[in-house]
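Please treat every number below as a calculation from the coordinates, not as lab data. These numbers come from a predicted model, not from an experiment. Neighbour counts run over all protein chains shown; Cβ positions are idealised from the backbone, glycine included.
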Amino acid sequence: MTTETQTHEEHHDPPYMLIFLVLLVMTLAEVGYAFLPLPKFWLALGLCVMAIWKAVLVALYYMHLRSEPRRLWILVAAPMPLVVILIAAVITEF
Amino acid sequence: MATTVAASGNHVTEAEHHELGFIRTYIFSTDHKMIAKQFLVASLAFLLLGGLLAAVVRWQLGFPGQAIPLIGGLFSETTAPGGIILPEFYNSLVTMHGTFMIFFAIMPLMLGVWGNYLIPLQIGAPDMAFPRLNTFSFWVSIPAGLIMLAGFLAVGGHAGAGWTSYAPLSADPEFSGVYMGQILWLVSLTILGFSSLTGAVNYITTIINMRAPGMTWFRIPLPTWALFVTSWLVLLAIPILTGALIMLLFDQTIGTGFFAPATDGEPLLWQHIFWYFGHPEVYILILPGMGLVSEIIANRSRKPVFGYHSMVVALISIAFLGWIVWGHHMFQSGMNPMLGTSFMISTIIIAVPSAIKVFNWMGTLWRGDLHFDVPMLHSLAFVSMFIIGGLSGIFMASAPVDIPLHDTYFIVAHLHYVLFGGSLFAIFAGITYWFPKMFGRMFGAKLGKAHFWLTFFAYNLVFFPMHSMGLRGHIRRIYDPSQYTFLQSMQPLNTFISLAAFFLIAAQLIFAFNFFWSMFRGEKAAQNPWNSNTLEWALAPTPPPHGNFLVTPQIYRGPYEYSSPESTDDFLPQHLPPDRVQRPPVPREPGFLPTGD
Amino acid sequence: MSSHTPAIQENMMVHDSTFEPGIQVYNMKLGMWVFLLSEVMFFTSLIGTYIILRFAHPDHFAVPGEVLNVPLTAFNTFFLICSSMTMVKAFAAIQKGDQKGLKLWLLATIVIGACFVGIQAIEYAALTHEGFVPMAAKYHALGRTGVEGGAVLGGPLYGATFYTMTGFHGAHVSIGVICLTFVLIRAMRGHYTHSDHRGVELIGLYWHFVDLVWIILFTIVYLI
């Protein structure tokens with residue numbers, strides 16, 4: 001129970017509604033950004049940054065990673081490079 | 001389902017034995033030890049099947065086009081009419097030998113048996129973190145196995161595209177002639193993935209969260225360390241395979257074109273995704289064996305593991321590096337040469353942690369009080385055969401060298417040196433070592449030694465010549481080498497290897513007999529016949545009850561305090577409190593006491 | 001009503017002295033996170049395939065909005081994010097012991113989740129009606145624009161990758177809805193309390209993960 005990890009500190013709920021609003025606004029921003037007359041590279045980069053930002057927000061606040069022990073963060077973050085390695089390596093084929 | 005009762009707040013657990021009935025005890029048990037034995041029975045059966053498939057393969061290679069003697073008539077018209085093996089059936093045999101050995105024998109033996117049996121016992125836990133998930137993990141592997149077996153009955157034959165199932169050969173029945181068999185292969189492995197995955201989740205959670213007090217990370221015995229690292233590889237690599245299998249299944253059934261050139265699909269994509277799984281997979285097959293062997297060598301040398309910390313770091317390094325070497329299976333595929341070069345470099349680098357482990361095993365043996373029991377013999381075979389397999393790996397790591405050697409018998413030699421010379425000897429070592437703990441009786445030593453020597457001898461006769469054959473250009477997975485003029489000179493060697501292989505497989509009967517005989521008639525085992533420091537031997541009863549330990553252990557030291565100067569005994573169990581240690585008398589100096597000596 | 005061994009029950013408490021300090025979260029939460037890591041790898045193989053094939057054959061794929069219905073899916077994305085919010089509200093409710101809030105917010109999550117799948121089914125129906133299908137053969141016969149003068153469909157790889165990725169995501173959402181229903185039924189039986197509501201937290205983690213994957217998928221598949 002996560003309440004146990006916070007017995008020694010003030011129990012504040014994370015700002016769920018605020019995060020919700022941020023996610024909504026960013027979704028709208030993404031859709032708008034996708035149709036801007038920019039070179040493909042900048043479109044893709046910007047959209048990826050926004051998507052990852054949203055994903056991190058969900059992970060940190062809705063999945064409570066922010067209030068979990070540091071060890072859990074490391075455990076979760078450690079395999080992420082594997083995602084990049086596969087895609088980056090194989091793309092060099094083309 | 002709870003079979004232990006703990007008084008909360010203190011360290012005492014009482015292992016109560018509830019009457020559970022036959023089904024809950026033997027069929028749907030949640031006890032990790034029983035599940036381990038279930039995996040043992042199933043995987044040994046598949047090991048036997050894999051061996052028999054190899055025997056049929058070797059018959060064709062040794063005696064091409066000749067009818068299989070004695071049992072030739074048992075084969076159907078579509079496989080071996082009149083006992084003469086058809087080329088399509090040969091392809092299936094080769095594919096199924098690899099598939100059953102890797103997925104249904106070695107993996108369940110390493111993880112299903114040793115992962116399940118050893119982890120809770122060695123860390124001082126009463127059971128796994130998720131016992132019911134554990135039951136699921138075993139039982140979901142059974143339909144997977146049955147589906148894979150069913151493929152033999154499929155119209156068009158079983159999958160025949162190799163255990164690596166390269167597309168587009170495997171994706172289009174027009175190329176392979178196989179439809180249903182390939183689908184069953186894909187479905188079976190997808191289901192089996194759930195078995196491995198749930199196992200990995202269980203092992204990782206248990207090792208992180210359920211170690212007994214005092215069992216810090218660097219006091220964990222090496223088998224459990226190896227199983228922990230391996231579980232991470234399973235967790236992250238198997239889903240990659242699942243994705244690849246699903247896409248190939250869609251290519252076959254729905255008609256998507258992921259890997260088919262006709263639809264602009266990419267055959268290389270299959271290879272990349274498959275080997276991104278496939279290379280961590282081979283470390284999954286060997287790392288637990290390394291852990292088992294480290295334990296046995298230390299114990300049977302009555303010496304600490306040389307460089308315990310570096311052994312752990314080496315395990316972790318191999319696991320990390322193992323993710324960036326996969327392209328060395330693809331040097332000949334036509335992939336980007338720059339990418340190939342990077343894989344060459346990373347593959348050469350990964351030899352380093354493996355070499356560290358080899359030197360550490362040798363350092364452990366050096367000047368040890370060596371006991372050449374059956375487990376020790378198998379462990380020594382592991383180290384020496386792994387050295388050979390590893391050395392051939394260095395050759396293949398170099399792309400220019402690999403290009404002529406790829407898909408020749410040099411590769412077949414390498415893979416069998418690490419998988420049989422490595423993994424299988426480690427498994428034999430583990431079974432003969434932990435047999436007394438599992439079954440309460442000693443594994444017959446005389447027959448055990450006979451089996452070892454015959455196996456070791458025959459195995460080298462089978463696989464060592466294959467290095468030379470590969471260097472001389474003998475391709476792998478071919479149906480009839482005698483068709484090629486440049487291979488005809490090697491036909492006598494092929495025949496010799498086949499005869500040695502039949503002998504090798506027959507020698508396993510000794511092991512099978514000994515296994516069952518010892519289980520029922522073997523000498524009753526003491527609690528700790530190997531005088532081991534680890535909890536499963538030194539503390540848990542033989543065989544351990546539900547809940548494993550009558551009292552939650554408190555750990556005071558690492559697992560390899562053999563021949564320690566602190567104790568008169570040549571071993572010093574992990575759980576023994578410091579005040580219970582039998583210390584040698586302190587030597588007195590002259591003039592130490594007023595009375596003078 | 002625990003059917004766990006007491007030793008495992010004890011491990012539910014973080015400050016439990018029976019075991020060495022591990023990751024300092026209870027077993028089931030660790031297990032769920034570890035499982036989610038494997039799901040990351042699974043989606044990596046599927047989404048990675050899409051990205052790689054897109055680099056290899058850009059002509060197979062369409063510009064945003066050319067084939068896929070961006071407004072509808074943007075709405076669906078908003079919907080799924082809403083369900084994440086309702087899920088976290090359900091968790092916050094039971095943290096305070098609010099049983100009624102738990103049940104209501106869980107129900108909301110289920111309804112929205114089911115609607116997400118429903119909208120995706122409608123989207124699939126519309127797309128297949130236009131000729132955008134996973135089978136490669138259809139494209140070869142029809143060419144990139146389907147029937148002459150008709151809508152752009154892209155090449156064979158587009159349909160294959162699209163349906164595989166979104167289909168498996170949809171399957172995960174569906175499984176999530178089913179599990180949420182079980183959790184709701186248990187909540188109605190009073191199974192969860194303010195001191196023990198692990199099941200709610202666990203399904204919450206899974207649900208947020210499914211939302212997270214969609215956030216990535218939506219961007220990569222619909223917007224880039």
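Not counting the cut sites, what is the longest span of chain B without chymotrypsin sites (Phe, Trp or Tyr not before Pro) that DSSP labels loop and that have at most 14 other Cβ atoms within 10 Å?
Numbers: sites that count: B:W366, B:F372, B:Y484, B:F592.
Formally, the longest exposed-site-free interval is B:1-365.
Which pairs, out of B:K37/B:K524; B:K33/B:K437; B:K37/C:K29; B:K357/B:K449; B:K37/B:K446; C:K29/C:K96, put more than 22 Å between their alpha-carbon atoms? Spell out each step's value before the answer.
Details: B:K37/B:K524 19 Å; B:K33/B:K437 10 Å; B:K37/C:K29 29 Å; B:K357/B:K449 26 Å; B:K37/B:K446 24 Å; C:K29/C:K96 20 Å.
B:K37/C:K29; B:K357/B:K449; B:K37/B:K446, as the Cα separations exceed 22 Å there.
Please name whichever of B:G124, B:S301, B:I394 sits farthest to the positive end of the charge dipole of chain B, dipole taken about the Cα centre and charges placed at Cβ: Lys and Arg +1, Asp and Glu -1.
B:S301
Distance between Cα centroids, segment B:79-149 to segment B:250-313: provide it in whole Å.
The distance from the Cα centre of segment B:79-149 to that of segment B:250-313 comes to 15 Å.
Which longest run of chain B has no exposed loop site in it, a site being GluC sites (Glu not before Pro) in a DSSP loop with at most 12 other beta carbons within 10 Å, and the site itself not part of the run?
Details: sites that count: B:E16, B:E19, B:E77.
It runs B:78-597.
Whose amide H sits under 5 Å from the amide H of B:I68, counting only residues 5 or more places off or on another chain, with H placed in the peptide plane?
B:I84, B:I85
Helix B:308-321 against the longest principal axis of chain B: what's the angle in degrees, Cα atoms only, rounded to the nearest 10?
30
Would you work out if the protein assembly as shown is rounded, prolate or oblate? Take a ≥ b ≥ c from the square roots of the eigenvalues of the alpha-carbon gyration tensor; rounded if a/c is under 1.5, else prolate when a/b is larger than b/c, oblate otherwise. Don't skip to the answer; put the middle values down first.
Working: a/c = 1.86, a/b = 1.13, b/c = 1.65.
It comes out oblate by the Cα gyration axes.
I want the antiparallel fraction of DSSP beta bridges within the protein assembly as shown, as a percent rounded to 5. Write out the running numbers ahead of the final one.
Working: 7 of 8 bridges.
Antiparallel: roughly 90 percent of the beta bridges in the protein assembly as shown.
First measure r as the distance between the Cβ atoms of C:H140 and A:L24, then evaluate 1/(1 + (r/R0)^6) with R0 = 60 Å and state the FRET efficiency to the nearest 0.05. Can you show the working numbers first?
On the way: r = 41 Å, r/R0 = 0.69.
So the FRET efficiency works out to roughly 0.90.
Using +1 at the C-beta of Lys and Arg and -1 at the C-beta of Asp and Glu, which of B:Q574, B:N531, B:F218 has the Cα lying farthest in the positive direction of the dipole of chain B?
Farthest towards the positive end: B:N531.
Over all distinct alpha-carbon pairs, what is the Kirkwood Rh of chain C in angstrom?
Working: mean 1/r = 0.0512 Å⁻¹.
Across chain C, the inverse of the average 1/r is 19.5 Å.
What are the residues whose amide H is under 5 Å from the amide H of B:T408, where those residues sit 5 or more places off or on another chain and H is modelled from the backbone?
The list, which skips near neighbours in sequence, is B:R476.
For B:A260, what charge total do you get from the other residues with a beta carbon under 10 Å from its beta carbon, if Lys and Arg give +1 and Asp and Glu give -1? Present the calculation step by step, with values, prior to reporting the outcome.
Working: positive: none; negative: B:D172, B:D251, B:D264, B:E266.
That sum, taken over residues with Cβ under 10 Å, equals -4.
In degrees between 0 and 90, to the nearest 10, how far off the longest principal axis of chain B does helix B:374-397 point, with axes built from Cα atoms?
Helix B:374-397 sits at roughly 50 degrees to that axis.
If you plug each phi of segment B:37-42 into the Karplus form 6.51 cos²θ - 1.76 cosθ + 1.60 with θ = phi - 60°, what whole-Hz ³J(HN,Hα) values come out, in order, with x for Gly and Pro?
With coefficients 6.51, -1.76 and 1.60, one gets 5, 4, 4, 4, 4, 4 Hz.
For segment A:2-68, with the dipole built from +1 on Lys and Arg beta-carbon atoms and -1 on Asp and Glu ones, taken about the Cα centre, which of A:P37, A:I52, A:S67 lies farthest toward the positive end?
Selected residue: A:P37.
Mind putting a number on the dipole of segment C:6-223 about its Cα centre? Charges go on the C-beta only, +1 for Lys and Arg and -1 for Asp and Glu, and I need it in Debye to the nearest 20. Walk me through the numbers on the way to the answer.
Details: 11 positive and 13 negative charges, 86 e Å.
With only Lys, Arg, Asp and Glu charged at Cβ, the dipole is about 420 debye.
Taking each residue of B:197-206 in turn, how many C-beta atoms of other protein chains fall within 10 Å of its C-beta, and what is the average? Spell out each step's value before the answer.
Numbers: counts 6, 3, 0, 4, 8, 3, 1, 8, 13, 5.
Average per residue, whole number: 5.
Taking the Cα atoms only, what angle lies between the long axis of helix B:87-99 and the longest principal axis of chain B, rounded to 10 degrees?
In chain B, helix B:87-99 runs at an angle near 20 degrees to the longest axis.
Residues of B:243-251, mean number of Cβ from any other protein chain within 10 Å of their own Cβ, rounded to a whole number? Mind showing how you got there, number by number?
Working: counts 11, 3, 1, 6, 6, 0, 0, 7, 2.
Rounded to a whole number, the mean comes out at 4.
Output ³J(HN,Hα) for segment B:354-368: one whole-Hz value per residue in order, computed from phi by the Karplus curve 6.51 cos²θ - 1.76 cosθ + 1.60 with θ = phi - 60°, and x for Gly and Pro.
Each residue of segment B:354-368 in turn: 5, 5, 4, 5, 4, 5, 5, 5, 5, x, 5, 5, 3, 6, x Hz.
Treat every Asp and Glu Cβ in chain B as -1 and every Lys and Arg Cβ as +1, leave all other atoms uncharged, and give the resulting dipole magnitude about the Cα centre to the nearest 20 debye. Please report the intermediate quantities before stating the final value.
Values: 25 positive and 28 negative charges, 219 e Å.
I would put it at about 1060 debye.
Would you kindly compute the Cα radius of gyration of segment A:2-68 and its largest Cα-Cα separation (Dmax), both in Å?
16.0, 52
In nm, give the distance between the simple-model label positions of B:H371 and A:L60, each being 7 Å from the Cα along the Cα-to-Cβ direction.
Spacing of the two 7 Å Cα→Cβ label points: 5.7 nm.
Per residue of segment B:563-569, what does 6.51 cos²θ - 1.76 cosθ + 1.60 with θ = phi - 60° give for ³J(HN,Hα)? Whole Hz please, x for Gly and Pro, Karplus curve as stated.
Rounded to whole hertz, the list is 6, 7, x, 6, 10, 6, 6.
With viscosity set to 1.306 mPa s and temperature to 10 °C, compute the Stokes-Einstein D of chain B, Rh being the Kirkwood radius across alpha carbon pairs; µm²/s, no decimals. Provide the component values of the computation, followed by the final result.
Numbers: Rh = 25.3 Å.
The estimated diffusion coefficient comes to 63 µm²/s.
Given a 10 angstrom Cα cut-off, can you work out which residue in C:F19, C:F75, C:F116 is the most mobile in a GNM of chain C?
Result for chain C, Cα springs under 10 Å: C:F19 fluctuates most.
Assigning unit charges at the beta carbon (Lys, Arg +1; Asp, Glu -1) and nothing else, what dipole magnitude in debye, to the nearest 20, does the protein assembly as shown show about its Cα centre?
1120
Starting from the amide H of C:F61, placed 1.01 Å from N in the peptide plane, find each other amide H under 5 Å away whose residue is 5 or more places distant or on another chain.
C:G155
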